[in-house]
1. Can you find a residue in the range 419-442 that is open to solvent by less than 80 Å² (accessible area, probe 1.4 Å) and basic (Lys, Arg)?
2. Does any residue of the range 221-237 turn out to be closer than 28 Å to LYS152 by Cβ and buried (at least 21 other Cβ atoms within 10 Å of the Cβ)?
3. So ARG217 passes all but one of these: (1) open to solvent by 20 Å² or more (accessible area, probe 1.4 Å); (2) assigned to a loop (DSSP other than H, G, I, E, B). Which condition number does it fail?
4. Any idea which residue in the range 303-323 is farthest from GLY293 (Cα to Cα), counting only those that are assigned to a strand (DSSP E or B) and either modelled with pLDDT under 95 or in contact with a Phe, Trp or Tyr (Cβ under 8 Å, 6 or more places away or on another chain) (or both)?
5. Out of the strands (runs of 3 or more DSSP E) lying entirely within the range 80-193, which hold 3 or more residues that are open to solvent by 10 Å² or more (accessible area, probe 1.4 Å), closer than 19 Å to THR214 by Cβ and in contact with an Asp or Glu (Cβ under 9 Å, 6 or more places away or on another chain)?
6. Within the range 39-52, does at least one residue satisfy the condition of being in contact with a Pro (Cβ under 7 Å, 6 or more places away or on another chain), at pLDDT 90 or above, part of a loop (DSSP other than H, G, I, E, B) and open to solvent by 30 Å² or more (accessible area, probe 1.4 Å)?
7. For the subset of the range 87-146 comprising residues that are charged (D, E, K, R) and touching a helix residue (DSSP H, G or I) at 6+ places or on another chain (Cβ under 6 Å), which member is farthest from LEU267 (Cα to Cα)?
8. With of a type in the set (Phe, Trp, Tyr), open to solvent by less than 30 Å² (accessible area, probe 1.4 Å) and closer than 16 Å to ILE115 by Cβ as the only criterion, which of PHE265, PHE210, PHE241, PHE279 stands out?
Amino acid sequence: MKTFILAGGGGERLWPLSRNNFPKQFLKLNGSMSLLQQTVDRLLGAVSPEDTIVITNKNYQFHVSSALNSLPGLNGSVSGARTILEPLSRNTAPAIALGVKYCKEKLKCTEDEIIFLSPSDHIIKPPEEFAERVRHAEEIAQKGYIVTFGIKPDKPETGYGYLKFSDQSSGNCAKKFFKVERFAEKPDRDTAKQYIHEGNYYWNSGMFAFSIRTIMRELQRYAPEITEMCHLSYEEMLLQFQHMPNISIDYAVMEKSDKVVALPFDLYWNDVGSWDSLFDILDKDANGNVLQGDVMAIDTKDSFLLGKKRLITTVGLENCLVVETDDAILIAKKGEAQKVKDIVKKLNENSRPEAVEHVTTYRPWGNYTVLENGPRYKIKRIVVNPNEKLSLQMHYHRSEHWVVVKGSAKVTTGDKESFIHENESAYIPKSTMHRLENPGKIPLEIIEVQNGEYLGEDDIVRCDDVYGRAQGA
């Protein structure tokens, strides 16, 4: 069995913490591992690292690589895990087709190979029992079914899709599964209450198991425009990926297929799809509050207060959400968190950078934080990880001045190399080839002052880059 972990989503409903350039699957929201790392670790109970395939957007390549290489408990890395990079986002149905093509062409999988499909941003406990459920789904998928998990709802949730179970079941008592009569889209609250009342509606978990033969037959039947692309080679499919329809596997296949069956899922499950769902899983104080960061709460109950740098103080709040980041603050009523995506939509409509990027931007070599940005100058804090280096590059429109705060830097300026240490500096004139490296064993931290008529990140001409990038910092 192979696992496809879908890690290309933007996580809009957890804005401002989750943003398009660094979405929720890479965040550490409930412990020392990111949601993606938890997903990989959980699935390793059922498959080997070599059978683990992460499908993600090419823009997240280095985030995924960093997550896999630093996954605890596996000698420092998931050495055999594979990554498929989509050239652009085309939703889950094209992603699955691309993954199947990869398996058949690159891994020489047969039509009988079972695929277990999982989102990258769910929380499921306990992981040992989850592995048993995955293996059970594999057994059923071998019979030609598309298997999903249905989560028994405990409230009329409007943020999830629903599955309607048939009254007829198959299998023995311990391994009973049901035919899925219909997929229902995210309902309004009255409809969700009706589903709860009827009793045979379950939340759609978004996890599926199927054989390559079954999923390709169903795609051919219901989404032939996708399977037409599968006649190309894997490399040609990547080049033509933009012509794939932007459609989810639910719309393309699951809502139409008569092969879909469901297992009732009796473990803890949370898709962390909103601030409300995140609130549910975190520890509360005596007043029912989740408090993280520098927070002082007086007469405040059942609220979620998350701070980063600033002191947050509240008086007399109840059932509220306050999330503070370096450049944005979200204040909302609990229960209204699904509407956060409407804020992101408005930010995008107004081309606001807060919709896409954080003040801190992550790169394969480390990260940088914009401390101040003014007319003809910009100040950054740059952190370069041990034994990493930026590209050999030049800028036409700006000069740069570097001051080392911590660690030691190897600096290339033109045809000269030098080492600078704490409280020492280097100056990089315009139109001069240069490179910053960290040869040490601790992170290198510098303050960079840029000066010039244009300070955009696209003013970079690369001569050499160990990460194979064409543009960007």
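The values are calculated or read from the model by the stated rules, or taken from the named source; none is laboratory data. Remember, predicted model here, so these are calculated numbers, not experimental data. In this analysis, Cβ positions are derived from the backbone assuming ideal geometry, glycine residues included, and neighbour counts consider all displayed protein chains. Just the protein is used for accessible areas: all its heavy atoms, side chains included, with ligands, DNA and RNA removed. Shrake-Rupley method; radii C 1.70, N 1.55, O 1.52, S 1.80 Å.
1. yes
2. Scanning the range 221-237 turns up no residue that is closer than 28 Å to LYS152 by Cβ and buried (at least 21 other Cβ atoms within 10 Å of the Cβ).
3. Unmet for ARG217, out of (1) open to solvent by 20 Å² or more (accessible area, probe 1.4 Å); (2) assigned to a loop (DSSP other than H, G, I, E, B): (2).
4. Of everything passing the filter in the range 303-323, CYS320 is farthest from GLY293 (Cα to Cα).
5. Result: 177-184.
6. Yes: one or more hits.
7. Across the range 87-146, the extreme among qualifying residues is GLU105.
8. PHE210
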